[in-house]
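The values are calculated or read from the model by the stated rules, or taken from the named source; none is laboratory data. Here the structure is a predicted model, which means the values were calculated and not measured. Here the Cβ is made from the backbone with ideal geometry for all residues, glycine too, and neighbour counts use every protein chain on show. For the accessible areas, the whole protein counts, side chains as well, though only heavy atoms, and no ligand, DNA or RNA atoms are used. Shrake-Rupley method; radii C 1.70, N 1.55, O 1.52, S 1.80 Å.
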Amino acid sequence: MNTVISFIIIFGALVFFHELGHFIFAKRAGILVREFAIGFGPKIFSYKKGETIYTIRLLPIGGFVRMAGEDPDTPEIKPGHRIAILFDQSNKVNKIILSGKNRYANAKMIEVEKADLEHSLVISGYEEGEEELLQTFSVSRDAVVVEDQVETLIAPWDRQFASKKLSSRAMTIFAGPLFNFILAIVAFTIIGIIQGVPVDEAKLGKVLSDGAAQEAGLQQGDLVLSIDGSEVNTFTDMTTIVRAHPEEELVFTIEREGQTQDIQVTPKRIVEDEGEIGLIGVQSYLDKSFSKVALSGFIETYHWTVKIVQLLGQLVIGQFSIDMLSGPVGIYKSTEEVAKAGILYLMKWTGLLSINLGIMNLLPIPALDGGRLLFFGVEAVRGKPIDRHKEGMVHFIGFALLMVLMIVVTWNDIQRFFIN
């Protein structure tokens, strides 16, 4: 149950922050956001506030922000349609009823001659009983279309995604991955606040009880200058020497409170898979100063971003097999292991997954944010957008291929964890 809860919280945070980026910048650009969704498939929770519906859907494989104009999202009103209309106090149409007209006693029934709900915002038609008189009605910018008792807000052209300038559209799409990197920075910064930031120098942190370091008299805060005459600059230098000399007496030259002294330490022998190693029972020094903590989130995020990009490069050149990729099942199993180590490890795992999600979404693959940004780049070079239907077809094919890849990766995870 702890694993399930951890997985739901982590997955929810990753998707929420990603979609929140799209949502915030869409709103800033004046785009009508119809739905903010976590998951895909059937709705299991729905809540409407303002002009946006917030939903949680059944399949936990992502999320989306549905913006006006991205898909056919308003019922089409064609000439010859019989509709009912209601008016607001300024005598503009604020409700267009396509079905269930008998529920609205005060509605005016008309046969449509022409309807433009994007640009001129008018409906022309013939009122029942006055078929010879063509009338034109102004439509409110906040009007809704009612079909099967479902109200859909109309989207004037200036509220649609495609109407915005290229920079605003690009920023709205880029904001999703950007917020994943921000989430990682926040997670790593909180870890730094709680436990401190490991320093590069060979300074001793917590000295564990019953360890060789405590028995020899080493203390937290000691700075190791050399071991057996070999200069030591980092904590890694120190651990490398210690691991190579189990049960061998080593002379640590340290600095303590401004004084230099030599202390003899004999690392204890520990047997691991790679063989025998030496341990003295100390942890690296953790700095909790404001300057270190404030930068720790940015430094850690940069470090892991570089690492993940390098792994992707290895995948492209064949040094990293697709069989080593993990999908939702693999992430769930890894979360199960990480959860055993405690909350700080779960927070670090969240940061790593968030960076992964940000980088993957920036890849120039159709249906991903990077694919859409690539089309924006082409538009900037051409000076005009690519045909929306052609672009939509490319994204549809890309989405289908991604689903196939997801199935393959998930099957590999099932074989790895449950069959083999």
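Side notes on the structure shown:
- Principal axis dimensions, largest first and in whole angstrom, of the range 59-181 by Cα: 62, 33, 27
- Rg over Rh for the range 206-314 works out to 1.06, using Cα positions for both radii and the Kirkwood form for Rh.
- Distance from the alpha carbon centroid of the range 99-123 to that of the range 215-241 works out to 82 angstrom.
- Mean separation of Cα contacts under 8 Å (6+ apart) over length of the chain, as relative contact order %: 14
- Counting lysine pairs in the range 4-105 whose alpha carbons fall under 22 angstrom apart, excluding pairs fewer than 8 residues apart on the same chain, gives 8.
- The mean sequence separation of alpha-carbon pairs under 8 Å and at least six residues apart, normalised by the residue count of the range 254-293, gives a relative contact order of 23 percent.
- A straight Cα-to-Cα reach below 20 Å connects residue 384 with the lysines 164, 165, residues fewer than 8 places away in its own chain not being considered.
- One decimal place: the segment residue 289-residue 91 gains 64.8 nm when fully extended, by the rule 0.36 nm per residue minus the C-alpha distance.
- Protection proxy ranking, peptides 220-226, 245-251, 129-135, 340-346, average beta carbon neighbours within 10 Å, highest first: 220-226, 245-251, 340-346, 129-135
- Averaged over residues, the count of other Cβ atoms within 10 Å places the peptides 291-299, 331-339 in the sequence 331-339, 291-299, highest first.
- In sequence order, calculated HN-Hα J values of the range 180-197 (Karplus, 6.51, -1.76, 1.60; Hz; x Gly/Pro): 5, 5, 5, 4, 4, 4, 5, 4, 5, 5, 4, 4, x, 5, 6, 10, x, 10
- Using the Cβ-Cβ distance between residue 343 and residue 389 with R0 set to 45 Å, the FRET efficiency works out to roughly 0.40.
- Fully extended contour minus Cα-Cα distance, from residue 131 to residue 310, at 0.36 nm per residue: 57.4 nm
- Ranked by the mean number of other Cβ atoms within 10 Å of their residues, highest first, the peptides 278-286, 228-236 fall in the order 278-286, 228-236.
- Zone of residue 379's modelled label, taken as backbone nitrogen in the range 145-181 under 13 Å from a point 7 Å along Cα→Cβ: 160-174
- Just so you know, the averaged projected area of the alpha carbon convex hull for the range 353-401 sits at 3.6 nm².
- Residue 349 exposes around 50 Å² of accessible area when a 1.4 Å probe is run over every protein chain in place.
- Calculated diffusion of the chain, Stokes-Einstein form, Kirkwood radius summed over Cα pairs, 4 °C and 1.567 mPa s, µm²/s: 49
- Per residue accessible area of the range 1-119, 1.4 Å probe, in Å²: 55
- Within the accessible area of the range 65-219 (1.4 Å probe), percent carbon and sulfur: 47
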